[in-house]
Every structure is written in C-alpha cells, then in structure tokens.
Amino acid sequence: MALTAWSARFLSIPSHVWAAALLFVLLSMLAWVTRGVAVPGAWPIERAQVPVQAQGRSDAPLRALPHLWDDGWSAPGRTVTYRLQLPAELQAVADGGTQIGLLMPRAGVRYRVLLNGQLLSAAMWPQRPVYFDAASQAQMVVLPAALLRPVWGDNLIDIELQGERLRIAGLGVVWAGPADTLQARQRWLSWWQVELTWMVAASAFMLGLMAMMVWLRGRERLIGLLAAGLLVLAPRLVLSTPVLLPGPFVFWDFLHKLSFTWYCGLLYLFISELFGFRQGLVRRTVLLMMTVGPVWLLVQAWIGDYDLYRIWTGVIVLVCVLSLGKVIHRARWGLDPGQRLMVVVGVATLVTGLRDYLVVQMGLPGDVDIRWMTAGSLVLMLAMAGVMVRRAGDTLAQTERLNQELARRVAEREAEFHSVYERLREVEHQQVREAERRRITRDMHDGLGSQLVQTLNLVRHAGAGVDAAAVERMLHHALDDLRLTLDSLEPMDGDLPTILGTWRQRIAPALAAAGIELEWQVQEVPPVPGLEASGVMHLFRCLQEIIANVLKHARADRVVVRTWQEGRWVVLSVADNGIGLGGGRDRSLPLTGRGLRNIRLRAGEIGAQVEFLDGRPGTVVSFRFPSA
C-alpha cells in the first residue's frame, strides 16, 4: 500500500518539474564536458605573423589568435596569409617518430595550408561559385616528416584564408601535436559541430512534417505555427554545416539569414498563441519584422554592409527579450502545464545562448569551439513537439469524451425509439387483427351469411312442402363457403400451387357433378408476394366467380387450370371450351357484369393484372402476378 501511494505521488509530479530537473542535469553535463579548452598532449599556437602591405613597405606584425581579418566587407577572392611557427616542444615528439598534425577548429571561409612552401591541404581553393564555409567544421592537417627541416625553428606553416562577401573570416587558435591526439579532438568537435547539427536539422524536418500533417487534419493555428517554424529552421541548420551547394554564395547566405529571421518570428507567434497573447505591440513588431526581413537582407546583400545584419540581429534579440518579458508577466496570472513547460525550456535555451555569448565573445572560461545553442535548439524543438503531442492528446481525449457522450445520447434515443417502435408495432398488430377480423366478418356475411339467409327464406316460404334436396344443396354451398374462408386463413407464404391445390379440393366435386372435366396443369412457380390470408381469400373469390360463370353460362365440358413463369411474372390461367365471349381477342373488354367488375377489383387488391380473352372456343381468364 505504501509503495502504491509513493508511486502515485511520484507520477503526480508535473511535467515542467521533470523537465526542469532533466535540463539542470543536461546543462551540468555540458558545463563539465566544455569546462576547458586544453587538448592534452598538444600545444596551442596563439600568435601568428600577418603580412601587411602599406606605403611601399611590407612587414608581418604578430597577431593574437583568434584573429578576425575580414569583417564581412571582403570582395570574393581576397586572401590573407597567417604564418605560424611550430612549438619547440614538438621537436622531441617528431624526433621520436610520432606523426605531427595541426588542428584548426576555425578557419574560414576557405583555406589552404603550406609547410615550408609545399601545399598540404586545401578546401575549395581557389574560390569557386559554390556555397561552402570551412569554418563550420574543425579541420585537421597531417605534417609529413619528409617536409620537416632539420632545424626546427626554420619550419614555417602558412595558412592562407580566402573570404566571402558578407561572411566573417579569420583564424582561431591552432593546435599542434601528435596526429592521433588531434584526430580524436577533431572527431569530438565534428560530432558537436556537424553530426549534432545534422541530427537537429533532421529532427526539425521530420517533426515539422508531422506537425504539418496534424495541422492539415485539424487546421489548429498553434500546430500550423509549429510546423512552419520547424520547417524554416531545418534549412538554416543545414546551411550551418560544411555543406557544398552549387550557385552564388550570396544567395545561400541570404537564405541562411532569412530562415533565422522567420524562425525567430514564428517561434514568437507560437509562444504568443500558446500563451493566448492578444495583438499587442510585440506581436505587431514581430509581424513587421517577418515582413520587412527579406527586404532588409536584400538591401544588405546589395550594399555589402555587414553592419546592417548586426543591426538586424539586434532587432531580433530585442524582440526575443521583449517576448520573454511578456511571458514572465503572463506567468503572474497562472499557466497551464504546456505553458509552464515552455517557460522552463525557454529559460534553459536562453542559458545556452548566454553561455555561448560569454565564452565566445567575452572570453569567459570554457571550450570556445563547442557551442551549446545546438543542444539548446534541440531541447526547445522537442519541447515544442511535446506541446503539440499534448495538444493532440487533449484533442483526442476531448473527442473521445464527446464520442462517449454522443454514444450515450444515441443509446438513450435508440431506447426511446425502440420503445416507440414496439408500441407502434403493437398498435399495427392490433390494427391488422382488427382489419382481419372485419375481413373475415365481411366474407362470412357476404358468403356464408348470404347462403344461410337464402336457405332460411326458402324454408319459411315453402312451409310444409320444403324441398329437402334444394335445402341440402344450399347448405352444402354454405359449408363450402365456410371451408373456403377457413382455408384462406392457412399460412401458405405466397405458394401459388399450394393455394390452388386447396381450392381444387373445393371445386372439383361441383365440376364433376356438372359433368365438366378438370384438366390440372399447375407447375412449380416462384412465391407470389401479397398472397397472405386476405390475398388468398381475394383469389379464391375470383376463381369462385369464374367457375360460377362456367357452370351457369359457358355450356362447357372441360376447364383447364395452368400456371407458368414468364420473365418476372407468374401467370395463372383458367380456360373453358364453352361458347366464349364472342368478338375475338379483346384485352380491353368493357365491364358489363358485376361479377367481372368484382374480379378486376379483387385482382387489383392483390397486385395482379387480369385479362379476359376469347379462347375460340371458350373463354380464358389470366392473372399475372409479379414474382418475389
């Protein structure tokens, strides 16, 4: 029980507290890893001669490294040479057979290295119409022992640099020592400067695509800003690596600076949307900055004044400071978990930027070749993605709650509809039973009742001289009518041959007594819809009327009953060989008798088409039923 309670308290810790703890550990590890710049077993070269041409004389004053020789004003092709002397301590290492190397953490924009006048290494030299900055990656050069002079002080290292317009160029501290030691350092710096940057760029691109897909489904403004910010960040990170791209350098440099401007603007808009800021001064400034940014950078590229970019960077920094102040001000009113997380991560990211500024620009202790901002950008990006996931999760949870509420209401309405349906069905059954009762009552009244009334009148009027044979015939007719009514109540499911078989049992004796042969040609046919109890009775009445006409008027000695299927129709015909209707085939015979009218009306009740035809000889009555 105690363990469960402890686990519950442990899991109840807010996410921003977890993030703060993890970021503190991360920053502490970064501080430990980058606490110093010394390379064990190697010696720094911190001064170099830089030749200067002025007023007809040439000299080479010593310059401290790192040294900035081009502040972004250089025309393409301008070069400078740094002449270095190898530390005297290296002679013992070289004499011991160990291979000597040089490590240049920063040498840009393009470089080449010469040992005693012999070319050892070059990066994009001479200048080509491509985008490339060698300073984005630590460079390693191995000094061949065969080129080293016996007198150690006579060995000279010349590092020539070539600048690009609107790109700062210069040389950092150069390390000399055993090649193996420097290669290990170079691999370590490359991981920070290149591999980590590529990883962050790939993560930004993938998370941006994911955010874009989420935005396309929901069109939420916050997710759209996140997607745009990450997709804009990806090209800037790629252009910050030693990537080789064809085309004018100034074009890719413009894209590099513009992506940074838009990323900062979209990041603020994301925070503004997350914290619910209204259209204030800072927000309008950001929108103006994103609009003016491309024009400002184009003017800078056209004029070639790098100070314009410094001013522009100052504007961006100012906007970031104002936005951070607004976040702190907003925190007074309380923050939700996502906002607290972004505050914690934003402060940590600000710490990484502040560290890089103090170490790189102000000279505070630390590894100047390793920047924290790349790791800070990754943390910020993951936090933004975490906010997206949290928002998406909240949206899904809300959708789930709405679905559950909708399902509950639907279930309630289904229960109501089911109850109403049951009541309606019961009412319908009652109506059907009542209609069937009325039908049976009407049929018995018209059939059995009529026969009994006629028999009763015959008995009353005949007195003592009652004709027993006539009474018997009339009672037999009444019984036949009663049996016909009862037969119609049997469930036959539209089986026409079965229905006709039942009817045959009733009329065969009457035909036989009248000397009329019954020829039965009934075959199996598909079920006929509508021949339920009431429909069977209508059909029985129609056939009863037809046989009555044969017995009374046709003077026939044969009746043929047939069924067959004709396309989608089921056909029933009753034909005799009597005197017929006369006048030949006539499908539109006038209804001149009450019996014929009744047959037509009853056939219409069961959905059948009826025709009266002159059979020559005799008469043919056919019924056409639509099959199931």
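Some notes on this structure:
- Met29-Ala512 pseudo-label distance in nm [points 7 Å out on the Cα-to-Cβ vector]: 10.8
- Calculated FRET efficiency for the pair Ala64/Val351, C-beta based, R₀ 30 Å, to 0.05: 0.55
- Residue order, fewest to most beta carbons within 10 Å, for Ser28, Ser203: Ser28, Ser203
- log10 of Debye I(q)/I(0), alpha-carbon scatterers only, for the range 46-187 at 0.10, 0.17, 0.18 Å⁻¹: -0.34, -0.95, -1.05
- The range 46-187: relative contact order in percent, alpha carbon pairs under 8 Å with at least 6 residues between: 36
- Cβ crowding within 10 Å ranks Val295, Val80, Val130 as Val295, Val130, Val80, fewest other Cβ atoms first.
- Proxy reagent accessibility, fewest Cβ within 10 Å first, across Thr285, Thr291: Thr291, Thr285
- Summed side-chain charge close to Gly224 - residues other than Gly224 whose Cβ falls under 14 Å, Lys, Arg +1, Asp, Glu -1: +2
- Sites Ala415 and Asp495 - FRET efficiency at Förster radius 35 Å, r taken between beta-carbons, to 0.05: 0.35
- The gain in end-to-end length when the Ala407 to Val243 segment is fully stretched comes to 53.5 nm, 0.36 nm per residue minus the alpha carbon separation.
- Per-peptide average of other Cβ atoms within 10 Å, ordering 503-513, 258-268 highest first: 258-268, 503-513
- Label-to-label distance, Val130 versus Leu601, with points set 7 angstrom from Cα along the beta-carbon direction: 10.3 nm.
- Here the label points at Leu288 and Gln565, each 7 Å from Cα along the C-beta direction, are separated by 8.6 nm in the simple model.
Here, each number is a calculation from the coordinates, and none is a lab measurement. Computed from a predicted model, the values in this text were never measured in an experiment. Cβ sites come from the backbone with ideal geometry, for glycine too, and all protein chains shown count toward neighbours.
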